[in-house]
Structures are given as structure tokens and as C-alpha cells.
């Protein structure tokens, strides 16, 4: 039981070490990082930091912040959220609603 506690403690400590620290970066650097994060945790941390800084952004930074999707989006996420999927719902795109 004691060794399990030590292992869990070490894992939690290791996770904190690898967490991204965005507070030391400039707002422009953070805006340029949008779309390049690979893990959900990094994306959420970046988003939270940008939300905190939103009140102090210049008009140009706000425009870039509100642009979706970001220009530098990674290939993995390039077509997500763009409505380009084939869709395979119940009606399979054939108008299968009740009012045929």
C-alpha cells in the first residue's frame, strides 16, 4: 500500500513537471501557438491563459484570437469543425425524416 502511494505521488509530480507554463510567454506567442497543441490538456491550458489575457489584448490580437480556425492548425485537426464530414446518421443524408 505504501509503495502504491509513492508511485501515485511520483506520477502526479511528474505530470506537474511536464505541464505547459504559458504565463511566461507573450500574448503574440500564445496566439501563434493556437492550433498546434497536440494534447487536450495543452489546448485547454492555452485556451484558459488566452481567456485570462483577452481583456488586455490589442484590437489586432483580439481579431486573431476570434479567428476560427487558426491559420497554423496542425494537419491532424485541419478538417475538424468545418462541416466537411460525410455523415452517417440514421437518415444517412437521404432525407429519412418522418415527413417523406
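Nothing in this text is a laboratory measurement; each read-out follows from the coordinates by a stated rule. In this text the structure is predicted, and so the values were computed from the model without any measurement. Here the Cβ is made from the backbone with ideal geometry for all residues, glycine too, and neighbour counts use every protein chain on show.
Quick rundown of the values:
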quantity: Global form of the range 17-68, assessed from the alpha-carbon gyration tensor, a/c cut-off 1.5; calculated: prolate
quantity: Spin-label pair residue 63/residue 39, simplified geometry with 7 Å Cα→Cβ offset, distance in nm; calculated: 3.5
